[in-house]
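Report on one structure; see the data block that follows.
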Amino acid sequence: MQRKFSTHFNRKHSVHRWALVSATALGTILALTSSASAQEAGGLAQGGATALKPITVSSGQSGEEKKDSETVAAKSSSGASKIRTPLIETPRSVSVVTRKELEQRGAQDIIEAVRYSAGVTTGAYGFDPRFDQIYIRGYDATTVGDYKDGLRQPYINYGTFRTEPYTLERVEVIKGPVSVLYGAGSPAGIINKISKLPTEETIREVGVAYGTENRLQGMFDFGGPVSEENDQFFYRLVGLAREGETNFDIADDRYLIQPALTWKPDDYTSFTIYGLAQADETDANVGAITDPSGKVHDLRASDPDYDFQKVRQQQIGYQFEHEFDGGITFRQNLRYSHMDLRARYLSIINWTGTVAHRSATAIRDEMNVFQVDNQLEAKFDTGPAAHTMLFGLDYTNLSSSFGYGFDFTTTPAYDFDIANLTYGVSGPTPDYNWWQDEADLRQFGIYALDQIELDRWRFTIGGRHTWAEQDRARQFVSLGTNSYERKQDDAFSWQAGALYLFDNGVAPFASYATSFEPVTQRSASGAILDPKEGEQIELGVKYQPDGTDILLSAVAYEIIETNKPVLVDPLTLTYRSLGKVTSRGVELEARAAVTDQLDLIAAYNYNHAEITGGTNLGNTPAVTPEHVATVWANYTFAEDTAASGLSLGAGVRYVGETYKDTANTGKNEEALYLDAAASYDFAAIDKKYEGLTAQVNVRNIGNEKPVICNEGFCYLSQGRNVTASLKYRW
């Protein structure tokens, strides 16, 4: 069976040199900012106490978010506590990818958006544009860590909701368990994507892009006041249309429209309603051919003309906020989502000489999700301590229908001779003749979180109780058998953190958090497996010189996960619990606008992952690198220079070697990738061209394409990819 189906049910350079490069980059920034630190007296209140920014919460895009979008170093985030808090005062690790960084690097998908963030690993299954496959600190966040505007984009069978980077204002990577706020989740953390929502400022942008391979895209972004006479209604309308392919003849078509409307009758109330209609088409089997000798070929196992994966998704929701007298604020975040997926592909069953005999597979997946998150925030003092307390109640109801079918025999028309390549096969799509599932999942949670300011101390403590219930009815069509299973789980999750703010911008912190995640996989007896559980301890330090767009951090962590499901039989989809996985690591990260012209993002992650319970004791989990390092720099030439209007960017990504499977029978090679970008503002030629910009982005300049093998299946890495865009803002 094709690997992606099974894994979604399951969930030549020196390393030391790259550690040195990352550490040197952090040290360079520290040296460049020392003068700013020396002058931070202007940021001190009387008596030497730091003048701290107040904690604020707002629906839609806040003023702080707007400022963050203009720099690569965000100042605040609400992802770690659901309360907008300065990052320097947040006692846990958060990486924020701002709109400016997304545009500089020309991110085409969420994988590209986050892969320069510390602790993040991508490409565990090579190049696979069907799913945003992301690992955080060695743990999979692909399906359970996918969030948008504070609500999870759920997964239960095979399909996932997809998010287009052009529709986003920023992406937040919250590392480690956050079950206290969000309910069921992995110890990896979450990727919270923040949508473009209405703003009071007028936004007008249109653009076109072209790139690898024959990939043509048009997009627009309009927003602002509905009319000049009315200061209560604001709108945002984002759209995109794309046709073409990426590498390896993998389709990448997308059409979407994302409208939003905000009503602000006064300074204390806001109501934003938003929607999304999106249609995607890509391919369903992107795995590489492995011949009987074990050699992996630079060829896809399926046929691009036969293969497809079509996804239609719609979302509608609202964000409501009202501030009462006495420091009480109520917020409600509600969304309904629908996804419909249809896919078919070819997979190799057996060989005769150089001829691969293939059969066809078909998948359908439909999902309906209702979610609501109610929050009540209260601000009050108890003696010298200032509290911002959050009480919440959330509910998720998911229903799904799934079908899977395949040809039990090979079809001669689908034969593929690797010694005489021919493409363009056609043939029937199988019925859903193997099994069909009807599943429901309900989650209800109550939570409370207290953020405490006591002089220079910042404390966070929170707890949550989650109840989860799931029903699964499965019909094995070909066998004529049926099964039904109901699983009820509940768990208490908690987190705590402490941080101290020194006068010089240094902030050491410590945190602890737990996670809880009901699983849908079944054992050989037919019973749904026990929930996964996780916990994390963090010790770290942050540094943010006052008055600068610079944030440096260094963190040491330990994460333990238990009861992770591992696939036993892909035909009957039976699993077992792996046991316990422990990861210990160190992260370094720098996000800095070093000068008005120079932006620098650097990250290094050392992660030692080990199976510490169950089978394969002492081994390292598959595709989990010990070392990952990235550096991105972007320089914009000043207006008074000959190169005025020109901006140049360059990046380096290093991923260390990984094991091909949990049994540690072989290794995937380390890889080094080079990226580059160049943009030009035509206003430098003449002010009449103000707002017109051109940009070229090249990913993987060296066209490195290492083969990635994962638990018996092998995949191709993305080769060189180039895009060129032209945008006009007015």
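Summed over the range 565-608, the residues that are of a type in the set (A, V, I, L, M, F, W, C), farther than 24 Å from GLU103 by Cα and over 21 Å from the mean Cα position of the chain (by Cα) give a count of 7.
For GLY645, state whether it is touching a His at 6+ places or on another chain (Cβ under 6 Å) and farther than 27 Å from GLU245 by Cβ.
Values: touching a His at 6+ places or on another chain (Cβ under 6 Å): no; farther than 27 Å from GLU245 by Cβ: yes.
No; evaluated as a whole, the condition is false for this residue.
Name the one entry in VAL623, VAL652 that is in contact with an Asp or Glu (Cβ under 8 Å, 6 or more places away or on another chain) and either of a type in the set (Val, Ile, Thr) or not in a strand (DSSP E or B) (or both).
Values: VAL623 fails: in contact with an Asp or Glu (Cβ under 8 Å, 6 or more places away or on another chain).
Within the list VAL623, VAL652, the selection yields VAL652.
Close contacts from the range 697-718, counting a first residue that is under 17 Å from ALA677 (Cβ atoms) and a second that is among the hydroxyl-bearing types (Ser, Thr, Tyr), with Cβ to Cβ under 7 Å and a gap of 6+ residues or different chains, come to ASN697/THR723; ASN700/TYR673.
Screening PHE248 against (1) assigned to a strand (DSSP E or B); (2) touching a Leu at 6+ places or on another chain (Cβ under 7 Å) leaves a single unmet condition, (1).
Need at least 1 residues that are among the polar types (S, T, N, Q) per element, so show me which strands (runs of 3 or more DSSP E) inside the range 119-160 make the cut, counting only ones lying wholly within it.
Details: elements: 120-122, 134-136, 146-148.
Ranges flagged: 120-122.
Residues in the range 584-620 that are over 25 Å from SER717 (Cβ atoms) and part of a loop (DSSP other than H, G, I, E, B) were compared, and the one that is modelled with the lowest pLDDT is THR615. When the range 491-526 is filtered for residues that are modelled with pLDDT of 95 or more, under 26 Å from the mean Cα position of the chain (by Cα) and aromatic (Phe, Trp, Tyr), the ones remaining, listed by number, are PHE492, TRP494, PHE509, TYR512.
Which of the residues belonging to the range 666-714 are under 30 Å from GLY294 (Cα atoms) and among the aliphatic types (A, V, I, L, M)?
Step one: filter the range 666-714 for residues under 30 Å from GLY294 (Cα atoms), giving 666-674, 699-714.
If the condition is that a residue be under 30 Å from GLY294 (Cα atoms) and among the aliphatic types (A, V, I, L, M), then ALA671, LEU672, LEU674, ILE701, VAL707, ILE708 are the ones that fit.
Does the range 224-264 hold any residues that are among the polar types (S, T, N, Q) and surrounded by fewer than 16 Cβ atoms within 10 Å (Cβ to Cβ), and which are they? Hits for the range 224-264 are SER227, ASN230, GLN232. Quick check on the range 171-223: of everything there that is among the hydroxyl-bearing types (Ser, Thr, Tyr) and within 26 Å of THR246 (Cα to Cα), which residue is modelled with the lowest pLDDT? Looking at the filtered set, the residue picked out is THR212. For residues that are farther than 20 Å from PHE637 by Cβ and either part of a loop (DSSP other than H, G, I, E, B) or of a type in the set (Asp, Glu) (or both), tally how many sit in the range 676-703. Residues meeting the conditions: 4. The residue that is nearest to ARG442 (Cα to Cα), among those in the range 361-403 that are of a type in the set (Asp, Glu) and buried (at least 21 other Cβ atoms within 10 Å of the Cβ), is ASP394. In the range 253-296, counting only strands (runs of 3 or more DSSP E) that sit wholly within it, none holds 3 or more residues that are at pLDDT below 95 and closer than 30 Å to GLU243 by Cβ. Scanning the range 527-565 for residues that are at pLDDT 95 or above, part of a strand (DSSP E or B) and either closer than 14 Å to ASN504 by Cβ or among the basic types (Lys, Arg) (or both) gives VAL541, LYS542, TYR543, ILE550, LEU552. Checking GLY712, GLY656, GLY666, GLY645 one by one, the residue that is of a type outside the set (Phe, Trp, Tyr) and under 22 Å from GLN104 (Cβ atoms) is GLY645 and no other.
Does ASN433 satisfy being more than 30 Å from the chain's Cα centre (by Cα), closer than 30 Å to ALA362 by Cα and not in a strand (DSSP E or B)? Answer is yes for this residue. Within the set GLY585, GLY547, the sole residue that is in contact with a strand residue (DSSP E or B) (Cβ under 8 Å, 6 or more places away or on another chain) and within 25 Å of THR90 (Cα to Cα) turns out to be GLY585.
The values are calculated or read from the model by the stated rules, or taken from the named source; none is laboratory data. Small disclaimer: the values here were computed from a predicted structure and weren't measured. Here Cβ is always computed from backbone atoms with ideal geometry, including for glycine, and neighbour counts include all displayed protein chains.
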